[in-house]
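Report on the following structure.
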Amino acid sequence: MKIDVLLGLQWGDEGKGKIVDVLTPRYDVISRFQGGPNAGHTLEFNNIKHVLHNIPSGIFREETLNIITNGVVLDPVVFKREIEALEAMGVDLTKNLIISKKAHLILPSHRTLDAASEAAKGKSKIGSTLKGIGPTYMDKTGRNGLRVGDIDRNFQDKYNALKEKHKRLLKQYDFEYNLEEEEEKWFEGIKTIKRYERVDSEFVINNLLENGKSILAEGAQGTLLDIDFGSYPFVTSSNTICAGACTGMGVAPSKIGEVFGIFKAYCTRVGSGPFPTELFDNEGDLLRSVGNEFGSTTGRPRRCGWIDLVALKYSIMLNGVTQLIMTKTDVLDDFDTIKLATAYKIDGELSDQFPYTLDDSTEAIYTEMPGWKTDLTEIRSKEQFPPELKAYIEFLEKELKIPVKFVSVGPDRKQIIEI
Ligand code: GDP
Ligand code: IMO
Ligand code: MG
């Protein structure tokens, strides 16, 4: 068997949580392979809305095994809170959630370093979610990190050593902090982690594959936030692309099967950084209010704009996408005209290549298409698609050269059309 991968093609929040939940019945295993509690993946069913941060989105189906693998950074405080919220809903996770021993732990002092570093950057801040992601991955690559597998081995000493190092680093900032209160919660979170099986997940995953089990890897963030290929430095600190699934799980590239690339019918971004198709007018406000575009993790209003095919082509190339999934299509229901960026103008030159620096001088060049002016939220088959939506999808498929296999028309599990 091969592992299928689902990942975001834009700047995150494409609707990954919803689609993983929809696809979960087709898989034996769902794994999260990178990122951490900077992610906020929303699922909706039976009038319940749930946001997951560290835990894979397959958790609501009892028969599915969920794995947090080595590429993830885990915050015990957020983890405990998530587990408690799920337990309150009657979900028992001890049987179907396991964690890699090689996943790195986010310490309270990582969060403090994230906040201090952002405050010091002033206007040029990244717009981080302040969950400690950057500092934790820095300690991972700097070979100082604390891992889940360390919990049973001299843990307190290792914790203290890393905390002291962080305190020395914090001296360079004019930043007030108090770790004690957070530390107490953190060690309570460690107790929660200890209730779960901690494994060498690379062996677990490869054995599952050998035994014919089907696995879906759930990406976090989006391709344009990738540490290598995103709009650097306004990116996250992990490889969000398909290759990140190989290193983040310990599977060979030859084991990757389908790559589901998910994108919104328009585009959003939260945090700082360039966004060539951003709208600053009523249409942007309309996308935000109809699409309820407020961060699932931080509540911040998301910046909204038109779909960007230059960026999507780049993302498709980097990930080897085999199937496209379009979400939030219903958010465009009331627009008379829909715009699609098909090229950039950089220094007077037209280009369809995503540039080295995507700065304010990058101007998006648009094609316009008529809107469908139809309520899509109750539609359940492609035969019911209005002609303008069919034309929109055909245009995307022609430009992107990949078939659109799913169209999402609302936040609920049921609001999906498979083509
Ligand atoms: P993720 O991080 O990629 O999982 O996405 P988020 O959960 O952060 O943001 C997506 C938001 O859009 C959530 O509030 C979802 O409930 C919602 N959503 C997902 N698909 C659709 C859709 O097709 N239509 C509408 N209106 N909302 C959707
Ligand atoms: P999901 O998985 C949208 C953005 C932040 C910031 C930048 C760096 O829900 O799609 P970080 O906390 O990683 O240091 O922030 O990345 N960001 C996200 N934006 N969705 C996410 O996750 C994000 N995770 C990080 O807003 O601009
Ligand atoms: Mg999100």
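Some points to look at:
- When Leu86 is tested against the conditions (1) away from ligand 2 (no atom under 16 Å from the Cβ); (2) over 19 Å from Cys246 (Cβ atoms); (3) open to solvent by 10 Å² or more (accessible area, probe 1.4 Å), the lone failure is (3).
- Among the candidates Ile241, Ile227, Ile262, Ile256, residue that is within 11 Å of Gln34 (Cα to Cα) and among the β-branched types (Val, Ile, Thr): Ile241
- Ile67 being more than 16 Å from ligand 1 (Cβ to nearest atom), farther than 21 Å from Asp114 by Cα and surrounded by 24 or more Cβ atoms within 10 Å (Cβ to Cβ): yes
- The set of residues in the stretch 301-332 being among the charged types (D, E, K, R) and over 20 Å from Lys18 (Cα atoms) consists of Arg303, Asp308, Lys313.
- Members of the stretch 274-289 found to be in contact with a Leu (Cβ under 8 Å, 6 or more places away or on another chain) and crowded, with 17+ Cβ neighbours inside 10 Å, listed by number: Pro276, Leu279, Leu287
- Checking each residue in the stretch 198-248 for being away from ligand 3 (no atom under 16 Å from the Cβ), part of a loop (DSSP other than H, G, I, E, B) and not polar (S, T, N, Q) picks out Asp200, Gly212, Lys213, Ile227, Asp228, Phe229, Tyr232, Pro233, Phe234, Ile241.
- Only listed residue being out of contact with any strand residue (DSSP E or B) (no Cβ under 8 Å at 6 or more places or on another chain) and away from ligand 3 (no atom under 16 Å from the Cβ), chosen from Leu324, Leu358, Leu312, Leu350: Leu358
- Residue in the stretch 89-101 that is under 20 Å from Arg413 (Cβ atoms), among the small types (Gly, Ala, Ser), more than 19 Å from the chain's Cα centre (by Cα) and at pLDDT below 95 present: yes
- Verdict on Leu6 being of a type in the set (A, V, I, L, M, F, W, C) and not in a loop (DSSP other than H, G, I, E, B): yes
- Odd one out for Asn54, checked against (1) open to solvent by 30 Å² or more (accessible area, probe 1.4 Å); (2) within 14 Å of the chain's Cα centre (by Cα); (3) not β-branched (Val, Ile, Thr): (1)
- Hits in the stretch 153-212 (condition: of a type in the set (S, T, N, Q), farther than 15 Å from Lys80 by Cα and open to solvent by less than 50 Å² (accessible area, probe 1.4 Å)): Ser201, Asn206
- Test: residue in the stretch 362-377 that is over 30 Å from Leu23 (Cα atoms), among the small types (Gly, Ala, Ser) and surrounded by 14 or more Cβ atoms within 10 Å (Cβ to Cβ): yes
- Taken together, the residues in the stretch 290-322 that are open to solvent by 40 Å² or more (accessible area, probe 1.4 Å), assigned to a loop (DSSP other than H, G, I, E, B) and either within 16 Å of ligand 2 (Cβ to nearest atom) or under 13 Å from Leu224 (Cβ atoms) (or both) amount to 4.
Let's see how each residue does on (1) within 16 Å of ligand 1 (Cβ to nearest atom); (2) of a type outside the set (S, T, N, Q); (3) surrounded by 24 or more Cβ atoms within 10 Å (Cβ to Cβ); (4) closer than 26 Å to Asp28 by Cα:
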{"site": "Lys80", "(1), (2), (3), (4)": "no, yes, no, yes"}
{"site": "Leu93", "(1), (2), (3), (4)": "no, yes, no, yes"}
{"site": "Ser100", "(1), (2), (3), (4)": "no, no, yes, yes"}
{"site": "Leu105", "(1), (2), (3), (4)": "no, yes, yes, no"}
{"site": "Ala115", "(1), (2), (3), (4)": "no, yes, no, no"}
{"site": "Lys121", "(1), (2), (3), (4)": "no, yes, no, no"}
{"site": "Ile133", "(1), (2), (3), (4)": "yes, yes, yes, no"}
{"site": "Gly149", "(1), (2), (3), (4)": "no, yes, no, yes"}
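- Residue in the stretch 1-32 that is modelled with the lowest pLDDT, counting only those that are under 22 Å from Ile316 (Cα atoms) and of a type in the set (Lys, Arg): Lys2
- Condition met for Glu87 (in a helix (DSSP H, G or I) and free of Cβ contacts under 8 Å to residues at least 40 places away in the same chain): yes
- Any hit, the stretch 399-407, residues being more than 25 Å from the chain's Cα centre (by Cα) and open to solvent by 70 Å² or more (accessible area, probe 1.4 Å): no
- Scanning the stretch 13-49 for residues that are near ligand 1 (Cβ under 10 Å from one of its atoms), more than 11 Å from the chain's Cα centre (by Cα), crowded, with 20+ Cβ neighbours inside 10 Å and assigned to a strand (DSSP E or B) returns a single hit, Leu43.
- Test: residue in the stretch 259-267 that is crowded, with 20+ Cβ neighbours inside 10 Å, in a loop (DSSP other than H, G, I, E, B) and in contact (Cβ under 8 Å) with a residue 60 or more places away in the chain: yes
The values are calculated or read from the model by the stated rules, or taken from the named source; none is laboratory data. Just so it is clear, the model here is predicted, and its values are computed rather than measured. As a convention, Cβ positions derive from the backbone with ideal geometry for all residues, glycine included, and neighbour counts pool all protein chains shown. Areas reflect the complete protein model, heavy atoms only, side chains present, ligands, DNA and RNA absent. Shrake-Rupley method; radii C 1.70, N 1.55, O 1.52, S 1.80 Å.
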